[in-house]
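A quick write-up on the structure given underneath.
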Amino acid sequence: MNETAKKRAVARREEVRISTRKVKVVLDLIRGKDAALARGILMNTPKSAAEPILKILNEAIANAENNFQMDKDKLFVAECYATPGTTLKRIMPRAQGRAFRILKRASHITVALEEKGGN
């Protein structure tokens, strides 16, 4: 492995039952922040997407410590994004025998951590 290559601890959760649009708002809050600061932000954010993102962030921190022997205090959120998952299609009965479509969306959420540069 190349010595200059950056080590990256990644955690990913698929099919989280919340819309990608709602998840991206919360991910924008933590992108580029220190891991400890990101945890604090997520614990105090009153959005429904904050709870699953906090779990994923904690998984990424654990991966960094256990798999890559990174220092927990030097970690920051290098990359975080959400992509659309499968959409469950449901029907809502409406007046005069009509049926309207309800789309229950899911997301794939990824959080990647890196260690800060100072040797």
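Throughout, read-outs are computed from the coordinates displayed, never taken from laboratory work. Nothing here was measured: the structure is a model prediction, and the numbers come from that model. Heads up, the Cβs are rebuilt from the backbone with ideal geometry, glycines too, and the neighbour counts pull from every protein chain shown.
Points to keep in mind about this one:
- Listed residue pairs exceeding 28 Å between alpha carbons, taken from Lys7/Lys33; Lys22/Lys55; Lys47/Lys72; Lys7/Lys55; Lys6/Lys47: Lys6/Lys47
- Ordering Thr45, Thr83 by the number of other Cβ atoms within 10 Å of each residue's own Cβ, fewest first, gives Thr83, Thr45.
- Take every pair of alpha-carbon atoms less than 8 Å apart whose residues are at least six positions apart; their mean separation over the length of the stretch 9-115 yields a relative contact order of 42 percent.
- Charge context of Ile41, other residues only, Cβ under 12 angstrom, K/R +1, D/E -1: +2
- Angle in degrees between helix 50-68 and the longest Cα principal axis of the chain, rounded to the nearest 10: 30 degrees
- Where Rh is the Kirkwood radius over Cα pairs, Rg/Rh for the chain: 1.14
- Debye, to nearest 20: dipole size of the stretch 9-115, +1 on Lys, Arg Cβ, -1 on Asp, Glu Cβ: 1200 debye
- Taking Glu51, Glu114 and counting other C-beta atoms within 10 Å, the order from fewest to most: Glu51, Glu114
- The stretch 1-91: GluC sites (Glu not before Pro) falling in loop per DSSP and having at most 11 other Cβ within 10 Å: Glu3
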